[in-house]
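Notes for the one structure printed next.
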Amino acid sequence: MRRRRQSPKTLGGAIELYRLSEKYQTLSHNTKIAYEYGYNILRDTSLVDCPVLQLTTPILQEFFDQFADRPATQKVVRTAFVSLEKWAIRRGHWSPYPIVRATEAHGGTGAREPWTEDEVQLTLTHAKPWLARAVLLARTTGQRVGDLCAMKWTDINRDEDGYPRIAVIQQKTGLQLWVPIVSELEAALDQWDRSLGYLLTRPNGRPWDAADLSRAWHKERENNPALEPLRPKRLSLHGLRASAVIELRRAGWTDAEVSSFVGMSEQMVARYARKSSKWQNVRKAMKRTGTGAEQSNVFTIPKRQPSD
């Protein structure tokens, strides 16, 4: 009697079956190397144990979004999962409906949708505390999600003039930099638990990885009724990197200074800031320079005279 072949229960199981398949074996050597890159990244996240039938397009989109500032890598990783999906659907190992192909690669812009200050404040007020801390840390440091997850309390010190800062070695570039701890973040850090080693931890006290933190944020955004205004823009944690760049520029920082703060090239600073609201840029500049009509006669529009 022929033994019935079992379907994989988890995403990791589906990947292993695909690797053993005749289809996979016929792929070119270079294609296999590219696909393995994406599958190996998945191994370091809890998503590998996600039941296949519970996978959704938004969950996988969050996984792909961690490569938002590496569009070429994002495309390769997504292509690997599209190939897996095609093979698995035909053999009954997957949802009958394509969920990977419904995701998108965001192209070569390297920037995600920036958050407004109102959206940040709404999240800080209503999100779960451990996710609100991630939003605040991202918003005030401008770092990638993986670098936020790696931050430890022992990375914080003060320079010779007493300014607080945190040491960061960026995972993507290997760049070493000191990120200033602005007053808003410093006040918040005084209230956070330092006993767990990492600045950001899961509810059980263990550190996050980038994919799991992004996934947790997605669930919070979609399921917390108070955060409903954030859903149409599908705001991601990576978008806060753009928000930090925009606010630093509005505060009068040069692109060279912003580059040193967040650890990206000046060209990327300009690209991350490209979705900045032009009117909000003007409003901030007027406030910063004192050129508002009520503060200065520069650019003052004459008051309308009452008609006779």
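The values are calculated or read from the model by the stated rules, or taken from the named source; none is laboratory data. What you see is a predicted model; the values in this text were computed from it and never measured. FYI the Cβ positions are ideal-geometry reconstructions off the backbone, even for glycines, and counts take in every protein chain you see.
Quick rundown of the values:
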{"item": "Residue match in segment 8-22 (condition: touching a strand residue (DSSP E or B) at 6+ places or on another chain (Cβ under 8 Å), at pLDDT below 90 and basic (Lys, Arg))", "result": "yes"}
{"item": "Selection from segment 189-219 of residues that are in contact (Cβ under 8 Å) with a residue 40 or more places away in the chain and part of a helix (DSSP H, G or I)", "result": "Ala210, Ala211, Asp212, Leu213, Ser214, Arg215, Ala216, Trp217, His218"}
{"item": "Test result for Leu240, of a type outside the set (S, T, N, Q), at pLDDT 90 or above and either touching a Leu at 6+ places or on another chain (Cβ under 8 Å) or not in a loop (DSSP other than H, G, I, E, B) (or both)", "result": "yes"}
{"item": "Residue that is at pLDDT below 90 and surrounded by 13 or more Cβ atoms within 10 Å (Cβ to Cβ), where the choices are Thr109, Thr116, Thr123", "result": "Thr109"}
{"item": "Some residue of segment 81-92 being touching a residue at least 12 places away in the same chain (Cβ under 8 Å), more than 18 Å from Leu17 (Cβ to Cβ) and surrounded by fewer than 21 Cβ atoms within 10 Å (Cβ to Cβ)", "result": "no"}
{"item": "Total residues in segment 189-225, condition over 15 Å from Lys128 (Cβ atoms) and polar (S, T, N, Q)", "result": "2"}
{"item": "Search result, residues across segment 221-257 that are touching a residue at least 40 places away in the same chain (Cβ under 8 Å) and aliphatic (A, V, I, L, M)", "result": "Ala226, Leu227, Leu230, Leu235, Leu237, Leu240, Ala242, Ala244, Val245, Ile246, Leu248"}
{"item": "Residue match in segment 166-173 (condition: modelled with pLDDT under 95, loosely packed, with under 12 Cβ neighbours inside 10 Å and more than 18 Å from Val245 (Cα to Cα))", "result": "no"}
{"item": "Identity of the residue in segment 43-55, touching a residue at least 60 places away in the same chain (Cβ under 8 Å) and part of a helix (DSSP H, G or I), that ends up surrounded by the fewest Cβ atoms within 10 Å (Cβ to Cβ)", "result": "Ser46"}
{"item": "Segment 172-188: number of residues that are over 30 Å from Ile41 (Cβ atoms), without any contact (Cβ under 8 Å) to a residue 60 or more places away in the chain and not in a loop (DSSP other than H, G, I, E, B)", "result": "5"}
{"item": "Qualifying residues in segment 56-90 (those that are out of contact with any helix residue (DSSP H, G or I) (no Cβ under 8 Å at 6 or more places or on another chain) and outside any helix (DSSP H, G or I)) - the one modelled with the lowest pLDDT", "result": "Arg70"}
{"item": "Number of positions in segment 144-155 that are surrounded by 17 or more Cβ atoms within 10 Å (Cβ to Cβ) and farther than 15 Å from Phe261 by Cα", "result": "5"}
